[in-house]
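The values are calculated or read from the model by the stated rules, or taken from the named source; none is laboratory data. Treat the numbers as computed from the prediction; the structure is a model and nothing was measured. Counting neighbours? That spans all protein chains shown, and the Cβs are built from the backbone with ideal geometry, glycine included.
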Amino acid sequence: APNKKSLPPGPLTFPVVGNFLWLRKSSSEVEPILRSLHARYGPMVTLHIGSGPAVFVASPTLAHEALVQRGAVFADRPPPSATMRLLSSNQHNINTSSYGPTWRLLRRNLTAEILHPSRLRSYSRARTRLVLRKRWEEVYELRECRKRVLIPLIRARLKAKQEQLSKAKEDGNDGNGDWMVPYVDTLLDLELPEEKRKLEEDQIVNLCWEFLGAGTDTTSTALQWIMANLVKYPEIQERLYDEIKSVVGQGAEQVKEEDLERMAYLKAVVLEGLRRHPPAHFVLPHAVKEDAELGGYTIPKDAIINFMVAEMGWNAEIWEDPMAFKPERFLNSAGGVEARGFDITGSREIKMMPFGVGRRICPASGFAMLHLEYFVANLVWLFKWRTVAGEEVDLSEKQEITTVMKNPLRAQISSRN
Ligand code: HEM
């Protein structure tokens, strides 16, 4: 029986250099090792890496207990490293701030003002247009698009933002429809709870960076995985095309946001993409403010605790034939409803958690779902996607900031009309 006073089991020493905080390289080296440690020791294991112990939880039931049932206990973040403190303007952004009033204020500002349904439409249109407007070459690389369009865009925006910020008060310029401006405006108005003062300029730039950074790589990675599967499995793409046609009607110029909720198979395709290929294989590191118990073990307050997102989505006790890409697993026998009603927040039970769950769940999960549906629907409605002659879609993974395709998707696309 586990000793109630002890950390979860694990190897005594573990020769990994690097840190887990930002899901970088080391996590891809550690993931297969963790898998075998879980097979040997059970659903919770401890690794001693860097400064303190890091506990990894593979069980959806224990994740639900920690993050949902006892959410407030497990909602903290570990103290940042010196570098991270600098990069986050001393923890003045959402993902690094500890569980408390500053975190709550910044997070509420984002969800209430920016990710609010009334604003979603213009954001998602602006971002979607970026990709759809691109010249579509016969063979097109989505990842190239990420590099060529999104990253320069972020750089330009940030630069522009810094310039705009210094001018913002004088000319009240809305930056010519610049879609970041409303967020900046909300940030200019905020007063920090403990310090009773407005945000400083670098903190505002930092929050904009978080907004762009957290949303761009994750979303484009998910999109690429989904499109890769639609190229690899043309019958799924055709079924999706048929569903879109039945909703928007022959000859429709594009799929509109309001059409999406009538497309159950579309939602199933996006969910299956996030289950089989979650962009983040782990959540961001969590911590507890006081020593806490979980699964019969102690989680000390200096430990990192993380949850194995990808493992949960691939759990054979929950998902039949888990490594196969089968959107219809989300449909009920009547062909709908279940996918539309699927609870991605895991509030009742966790079957997958691509956005995390509980207090620290991705604040943009709804936005990201909507955006992915909008992208996928339009890309399939406007173009037929096929493998490039003589090539096969390779679903091998590679760890970057997110888990991306080792061999980026290449596809032959042709206009549908
Ligand atoms: C497919 C797209 C996305 C995926 C898969 C995703 C996934 C995640 C995950 C796994 C976490 C960590 C949860 C935890 O630590 O427990 C997270 C946190 C976060 N995400 Fe997302 N995300 C996506 C899109 C976005 C977008 C579009 C934005 C912003 C517009 C965003 C903003 C954030 C922020 C601010 C946090 C930190 C939350 C906190 O610490 O309270 N994400 N996301």
Between a first residue in segment 63-89 that is closer than 16 Å to residue 304 by Cα and assigned to a helix (DSSP H, G or I) and a second residue that is of a type in the set (Phe, Trp, Tyr) and within 13 Å of the ligand (Cβ to nearest atom), which pairs have beta carbons less than 9 Å apart while being 6 or more apart in sequence or on different chains?
63/307; 66/74; 66/307; 67/74; 67/307; 84/22
Residues satisfying the stated conditions in segment 345-360, i.e. more than 6 Å from the ligand (Cβ to nearest atom), touching a helix residue (DSSP H, G or I) at 6+ places or on another chain (Cβ under 8 Å) and assigned to a loop (DSSP other than H, G, I, E, B)
345, 346, 347, 349, 350, 351, 352, 353, 357
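Yes/no per residue for (1) surrounded by 14 or more Cβ atoms within 10 Å (Cβ to Cβ); (2) over 15 Å from residue 295 (Cβ atoms); (3) modelled with pLDDT of 90 or more:
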site: 3; (1), (2), (3): no, no, no
site: 6; (1), (2), (3): no, no, yes
site: 11; (1), (2), (3): yes, yes, no
site: 14; (1), (2), (3): yes, yes, no
site: 18; (1), (2), (3): yes, yes, no
site: 22; (1), (2), (3): yes, yes, no
site: 28; (1), (2), (3): yes, yes, no
site: 33; (1), (2), (3): yes, yes, no
Do you know which residues across segment 92-108 are in contact with a helix residue (DSSP H, G or I) (Cβ under 7 Å, 6 or more places away or on another chain) and more than 11 Å from the ligand (Cβ to nearest atom)?
92
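Anything in segment 321-344 that is modelled with pLDDT of 95 or more and either within 16 Å of the ligand (Cβ to nearest atom) or over 21 Å from residue 261 (Cβ atoms) (or both)? List them, or say none.
Here is the first cut: in segment 321-344, the residues modelled with pLDDT of 95 or more are 321-327.
Those that are modelled with pLDDT of 95 or more and either within 16 Å of the ligand (Cβ to nearest atom) or over 21 Å from residue 261 (Cβ atoms) (or both): 321, 322, 323, 324, 325, 326.
In segment 201-227, how many are farther than 30 Å from residue 87 by Cα and either free of Cβ contacts under 8 Å to residues at least 12 places away in the same chain or in contact with a strand residue (DSSP E or B) (Cβ under 6 Å, 6 or more places away or on another chain) (or both)?
If we filter segment 201-227 for residues that are farther than 30 Å from residue 87 by Cα, which is where we start, we get 226-227.
Among the residues that remain, those that are also either free of Cβ contacts under 8 Å to residues at least 12 places away in the same chain or in contact with a strand residue (DSSP E or B) (Cβ under 6 Å, 6 or more places away or on another chain) (or both) are: none.
Here the count works out to 0.
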So, in segment 204-221, of the ones that are crowded, with 20+ Cβ neighbours inside 10 Å and more than 11 Å from the ligand (Cβ to nearest atom), which residue ends up nearest to residue 191 (Cα to Cα)?
204
Filtering segment 222-268 for residues that are within 16 Å of the ligand (Cβ to nearest atom), of a type outside the set (A, V, I, L, M) and over 19 Å from residue 386 (Cβ atoms) leaves a count of 2
Tell me the helices (runs of 4 or more DSSP H) entirely within segment 228-302 that contain at least 1 residues that are surrounded by 20 or more Cβ atoms within 10 Å (Cβ to Cβ) and at pLDDT 95 or above.
234-248, 264-276
Contacts under 6 angstrom Cβ, first residue in segment 376-405 being farther than 14 Å from residue 281 by Cα and touching a residue at least 40 places away in the same chain (Cβ under 8 Å), partner within 16 Å of the ligand (Cβ to nearest atom) and assigned to a strand (DSSP E or B), 6 or more apart:
none
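From the list 384, 398, exactly one residue is over 19 Å from the mean Cα position of the chain (by Cα), surrounded by fewer than 22 Cβ atoms within 10 Å (Cβ to Cβ), outside any loop (DSSP other than H, G, I, E, B) and away from the ligand (no atom under 16 Å from the Cβ). Which is it?
Values: 398 fails: over 19 Å from the mean Cα position of the chain (by Cα).
Every option except 384 fails the conditions.
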